[in-house]
Amino acid sequence: MSMKSGSDWALALLRTLPRVGLMNLPREPFRKHPRTGRGQHGGKLHGGPQKGSYQRMSYPRLGWEPRKVPWYVRVPMENYYKDHHLKRQYPPLSLGTLQLLIDTNRISTDEPIDLTAICNTKLHEVRPQERHYGFHLTVDGIDTFKAKVNIEVQWTSEAVIAAVEKNGGTITTSYYDLHSIYAAKDPIAWFRTGKPIPKRMIPPEDAIEFYTNPKMRGYLADPEKVAEERLVLAQKYGYELPKIEEDPQRDLLLKRKDPRQIFYGLEPGWVVNLRDKCILKPKDEALLQYYSN
Amino acid sequence: MLQNIARKSFKFRPVVCFKNSPQCSILPGCGNTEVCPPHARNYSAYFKSRVEESPDKYTEYEKSFEEWKFVEKLIPPTHVPEPPRDPTLKLPSGWYKANPPKDCSYNIRRTKNHMIPVYCQIMARGDVRFTHIRRVEGNIWQLEKDIGQWLQDRYPLKTMNTRTHEICRQVIIKGDLVDDVKEWVTAQGF
Amino acid sequence: MLRQICTGRLSVSSACCSVILSLRGLSPNNVVSRSASTISTLVDSFTLKKKSEDIVPVVTEDVEVETGLARGPLPLITHRELNYLPFGRASRQAWMENLDTIEEQKLGLVDLHPDVFGTFPRIEIIQSNMQWQMLYKKVNWTFAPSRAELPGSQRKPWPQKGTGRARHGHRKAPQWHGGGKPHGPRGPKSYYYMLPFDKRLHGLCSMLSVKHAQDDLKIVDTLDIPTDDPKYMEDLVDKRKWGVSVLFVDDTDIAPKNLALATDSIGHMNIMPVYGLNVYSMLKHETLVLSLAALNKIEEKLVFHLNRHNPRPPTARKIHKGSFIS
């Protein structure tokens, strides 16, 4: 079937017109921005009074708004945003989006899903320079979530854990420090720099409770307590917990990273040589000791 | 004469390897298939980096080729992955393979990421909203008429303002009607 | 008389041909010269012919020996396999021509990707590409000294009072003849900036579409011509009613010797490799001639970037005006 496209019409019209050349190109239409006067005399009075520094200043000072209360005075203080630039940020990723990524073959469920797998879709990103400490798996699209996955996220809620475990999957919350996030978000770029894979640091004081909590499936929690909490959550939400031990994908679902590990199968301290396609492992005692504890 | 001196001094420069040789950033088989152009490199980092010293100054290491398979899993694909091809396949997320009607005089083409190109444009702090249908092919005026009529029937008390942008091949509807338009587009099978 | 096999392997019957092969330092099993054998393998990779077919030796006709170059049976090509085809849009088509005779011979039909050779002609994107190519290499060297930079006395020319003349404090003041320039052009100024990657990409696609729509895009099998006489090229362009200026594009940066010699003395016929193809040159030359190998390469690159996974390759970095200090 061939439909006459708008492009075909335009190209057919172009056939009847003179040859497009250097001399007959129209200019790209642009909008002329209104410009306030600046400079020594262009700005005139800057909207201020007729005398003194207001009239004679060559450039209006920072935050100056003529005839108005300046913005920085007008906006009241909002203390609930205080120190927001120091807090850990977790960009959201909803369950519906995760299902869409799986359905369109952006993420494979044959491998454990972690931060690197989500970043490799090139649709979602973390920016460690803006203190993003990983993804927060949110409940949006919880009703349509049907995938069976082994997923590792950095923050989540109880309902999401229930949704993942109901489908027979497993979920872990694990902490990545900013230095590890730099390596995990774009591993190839990290390997290309020739730096060794860093070791993952333990969570800070205010986060250690979350990541050792078996209810939140923390990666530092006791596995036996996690198994117990899985059963408790299933009874709370009223679903039958699928048995992982009898699952054919058992190995995949129970795959976990070491608390010091960033990539599956690769240990901290190793250097990846992308050209020779090999791994360089250190043999020095001091290095081995540093990366092992 | 000066050129000769410069060439000689360049030749006997005490540098082990030239870091700005283009091979430094080649990596076949992963996302960046091109050689990194000079302007895309961070030169401040380059000049600060230390020159390579003799091997006896470094600690020992061993080479291993077995773990390369784990690195291969970390390499992103070059092209956008192919989604499922069956248009009748029902997926939990509601995504479906585009299956437009055969006798339709227009088509709404999916984006590079296989999504429906309907977007909301927000202007003036949310007071002005437009719905854009992008990537329209074919008879754009027919599409404008059809979607306008359908929306008018759905919201009889509202006045539906639609227009076409022929150069960018868009149909623009006043108001935030993304969900309604997506519902219509899905029902048509685009 | 050449006996050739269409499927990559080449059997050479004539002794003279093997001499040529040994002179070029190539083994006969590989693809040999840039003549009909190359094109037959290229064509074969794009036709629907199955590789599993038996090797069929094809004897070229005696008639074609007069042209100087031998090729397989016509049509050489009728179909190309295109990736990432949009739904419901037919591929654009073009004739494949020859360059080895002055009269035009149609050697086959080539399918062109509609996203590259049939996109919406965004003339304003073409213009912005052209403007960028003109500006990024421009340096404004004009310089006007200010009153402080002019040589001469700093003295007050005459007393403030008592002379009956207007009051002045400086001979080099801007209102004086030969005085300094207050806000004049200052020194070498660079106009360098980088056009956004997608604008460059769509500029190339639009330009190729425009060239094809206006019948100025010619696709030839190879750029080999039988003679190095400039008159031959002039006659060819004249006979086929091509534009006066012609741009030949090949996939390698070593041009065929005959074509290089023939177009050397003609200023408006130029040769360019694929990596040098740009919007400005396509606008400047009236006719664009692509070899089939060049066409494959151009299309592969542009289709890759139209459908690539990574939204921001290293070349897509935006560089603003003025970020480079002159």
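The values are calculated or read from the model by the stated rules, or taken from the named source; none is laboratory data. Everything quoted here is computed from the prediction, not taken from an experiment. So basically every Cβ, Gly included, is an ideal-geometry build from the backbone, and we count neighbours across all protein chains shown.
The set of residues in segment B:44-93 being in contact with a helix residue (DSSP H, G or I) (Cβ under 9 Å, 6 or more places away or on another chain) and in contact (Cβ under 8 Å) with a residue 12 or more places away in the chain consists of B:ILE75, B:PRO76, B:THR78, B:PRO83, B:PRO84.
Only one residue in C:LEU259, C:LEU247, C:LEU290 is out of contact with any Cys (no Cβ under 8 Å at 6 or more places or on another chain) and within 14 Å of chain A (Cβ to nearest Cβ), so which one is that?
Only one candidate passes the filter, namely C:LEU247.
Checked across segment B:121-136, the condition of being surrounded by fewer than 17 Cβ atoms within 10 Å (Cβ to Cβ), charged (D, E, K, R) and closer than 18 Å to C:PHE87 by Cα holds for no residue.
If we scan segment C:203-213, do we find a residue that is exposed (fewer than 14 other Cβ atoms within 10 Å of the Cβ), of a type outside the set (Asp, Glu), at pLDDT 90 or above and within 24 Å of the chain's Cα centre (by Cα)? Steps first, please.
Keep residues of segment C:203-213 that are exposed (fewer than 14 other Cβ atoms within 10 Å of the Cβ), which gives none.
The answer is no; no qualifying residue exists.
Here B:PRO117 passes the criteria (1) assigned by TED's automatic domain parsing to the domain that holds B:THR159; (2) exposed (fewer than 14 other Cβ atoms within 10 Å of the Cβ) except the one numbered (2).
Sub-7 Å Cβ pairs linking a first residue in segment A:122-151 that is within 14 Å of chain B (Cβ to nearest Cβ) and without any contact (Cβ under 8 Å) to a residue 12 or more places away in the chain to a second residue that is in a loop (DSSP other than H, G, I, E, B) and buried (at least 17 other Cβ atoms within 10 Å of the Cβ), at least 6 apart or interchain, are A:LYS122/B:PRO76; A:LYS122/C:HIS309; A:LYS122/C:ASN310, ordered by first then second residue. Checking each residue of segment A:240-247 against the condition of being among the β-branched types (Val, Ile, Thr) and within 14 Å of another protein chain (Cβ to nearest Cβ) gives no match. Selection of first residues in segment B:95-109 that are in a strand (DSSP E or B) and of second residues that are among the charged types (D, E, K, R) and at pLDDT below 90, restricted to Cβ pairs under 6 Å at least 6 apart or on distinct chains, gives the following pairs, ordered by first then second residue: B:ASN107/B:GLU137. Evaluation of A:ARG56 against the conditions (1) modelled with pLDDT of 75 or more; (2) more than 39 Å from the chain's Cα centre (by Cα); (3) more than 9 Å from chain C (Cβ to nearest Cβ) shows that the sole unmet condition is (1). For segment A:187-218, name all the residues that are buried (at least 20 other Cβ atoms within 10 Å of the Cβ) and within 18 Å of A:PHE135 (Cα to Cα). Correct list: A:PRO187, A:ARG200, A:PRO203, A:TYR211, A:MET216, A:ARG217, A:GLY218.
Has segment A:80-87 got at least one residue that is surrounded by 18 or more Cβ atoms within 10 Å (Cβ to Cβ) and either away from chain B (no Cβ under 13 Å) or touching a residue at least 60 places away in the same chain (Cβ under 8 Å) (or both)? Steps first, please.
Let us first name the residues in segment A:80-87 that are surrounded by 18 or more Cβ atoms within 10 Å (Cβ to Cβ), namely none.
No, the conditions are met nowhere in segment A:80-87.
Residues in segment C:97-109 that are more than 14 Å from C:ARG240 (Cβ to Cβ) and either modelled with pLDDT of 95 or more or surrounded by fewer than 18 Cβ atoms within 10 Å (Cβ to Cβ) (or both): C:LEU109 alone.
Checking the condition within 14 Å of another protein chain (Cβ to nearest Cβ) and of a type in the set (Lys, Arg), which residue from C:LYS297, C:LYS239 passes?
Values: C:LYS239 fails: within 14 Å of another protein chain (Cβ to nearest Cβ).
Testing whether each residue is within 14 Å of another protein chain (Cβ to nearest Cβ) and of a type in the set (Lys, Arg) leaves just C:LYS297.
On the stretch given as segment A:171-223, residues that are small (Gly, Ala, Ser), touching a strand residue (DSSP E or B) at 6+ places or on another chain (Cβ under 9 Å) and not in a loop (DSSP other than H, G, I, E, B) total 3.
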